[in-house]
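Peer 1: Can you read through this structure? Questions will come right after.
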């Protein structure tokens, strides 16, 4: 397929500053993976997601009838990171995200979410509501000795007041976890729906619960770790866990978030080297496309 190598072959910034004046929605890659605990390679995720997104340009969204290709979106390219320096990389990411009105970030590891939340918290001026799709709670206080490892993102986000834990829901959780980490997370007010909960409740009930938790009138951030999906649907990820969600389940849940006030999102942990037939990258690209179709739907 012909076209420039941007998300869904949309326009790029053509050399302009990624924190300067731009369109309503900005897509950017954040190729960071120096804080991971199992497989590395998520730094190649943005390119794979862009490539897979070329499957999504043939027409309008079949549920909302949004013409995503006509929306005011631009691809800003890749954020700068500091080679081998995790704290400095997080600082650089936060600085580059500042000033972007509505960012859709492609990871990279889940650690990118922390500086993105820091930038949003400063701009919005209040803690955010959070919808978190994942196999892992990511609230370890010391992730294998790495303070800012990808499993500690929401420990810091809660302690720094970036998110309101009573308006935070985690969907798809199922990995091994120490009981004290689980208990701490719940004690902060976080709502956890395991993958088994999702399977038993059904997508409509899960979406209804999420909306009730985060609140329709609150600024809400969506973070989507592809390992929320079962490895059958997302083999190309760093820490796969069996028993996860199917692609259609997350798609159906997100489509029900029509009343929420989203202020940004990310999709993380795509590892192309471990993918099969691009199915993980396509799942990630489609989640971003679903989010854009939701926000750009004609009746919105």
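Peer 1: Restricting the search to the stretch 223-247, which residues are surrounded by fewer than 24 Cβ atoms within 10 Å (Cβ to Cβ), under 22 Å from residue 292 (Cα atoms) and in contact with a helix residue (DSSP H, G or I) (Cβ under 7 Å, 6 or more places away or on another chain)?
Peer 2: Matches in the stretch 223-247: 233, 247.
Peer 1: Same structure, new question: Go through the stretch 91-108 and report how many residues are more than 16 Å from the chain's Cα centre (by Cα) and outside any loop (DSSP other than H, G, I, E, B).
Peer 2: Here the count works out to 4.
Condition check ((1) over 16 Å from residue 250 (Cβ atoms); (2) assigned to a strand (DSSP E or B); (3) touching a residue at least 12 places away in the same chain (Cβ under 8 Å)) across all residues:
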{"residue": "172", "(1), (2), (3)": "no, yes, yes"}
{"residue": "175", "(1), (2), (3)": "yes, no, yes"}
{"residue": "184", "(1), (2), (3)": "yes, no, yes"}
{"residue": "197", "(1), (2), (3)": "no, no, no"}
{"residue": "207", "(1), (2), (3)": "no, no, yes"}
{"residue": "211", "(1), (2), (3)": "no, no, yes"}
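Peer 1: Only one residue in 23, 11, 72 is modelled with pLDDT under 85, out of contact with any helix residue (DSSP H, G or I) (no Cβ under 7 Å at 6 or more places or on another chain) and closer than 27 Å to residue 259 by Cβ. Which one?
Peer 2: After ruling out the rest, the residue left standing is 23.
Peer 1: Further, regarding this structure: For the stretch 56-64, does any single residue satisfy the condition of being under 16 Å from residue 288 (Cα atoms), modelled with pLDDT of 90 or more and touching a strand residue (DSSP E or B) at 6+ places or on another chain (Cβ under 8 Å)?
Peer 2: Scanning the stretch 56-64, I find no residue that is under 16 Å from residue 288 (Cα atoms), modelled with pLDDT of 90 or more and touching a strand residue (DSSP E or B) at 6+ places or on another chain (Cβ under 8 Å), so the answer is no.
Peer 1: I would also like to ask the following. Does residue 156 satisfy the criteria of being touching a strand residue (DSSP E or B) at 6+ places or on another chain (Cβ under 8 Å) and under 25 Å from residue 96 (Cα atoms)? Can you show your working first?
Peer 2: Values: touching a strand residue (DSSP E or B) at 6+ places or on another chain (Cβ under 8 Å): no; under 25 Å from residue 96 (Cα atoms): yes.
Criteria not met by residue 156.
Peer 1: Checking residue 239 against (1) modelled with pLDDT of 95 or more; (2) on the phi < 0 side of the Ramachandran plot, which test does it fail?
Peer 2: Just one mismatch for residue 239, condition (1).
Peer 1: Inspect the stretch 147-155 for any residue being surrounded by fewer than 20 Cβ atoms within 10 Å (Cβ to Cβ) and part of a loop (DSSP other than H, G, I, E, B) and give the result as yes or no.
Peer 2: Yes: one or more hits.
Peer 1: What pairs can you find where one residue is in the stretch 23-47 and within 19 Å of residue 278 (Cα to Cα), the other is at pLDDT below 90 and in a loop (DSSP other than H, G, I, E, B), and their Cβ atoms are less than 9 Å apart, with a gap of 6+ or different chains?
Peer 2: So the pair list comes out as 40/34; 42/36; 42/150; 43/34; 47/5.
The values are calculated or read from the model by the stated rules, or taken from the named source; none is laboratory data. Please read all numbers here as calculations on a predicted model, not as lab measurements. Please note: Cβ atoms are built from the backbone with ideal geometry, for glycine as well, and neighbour counts cover all protein chains shown.
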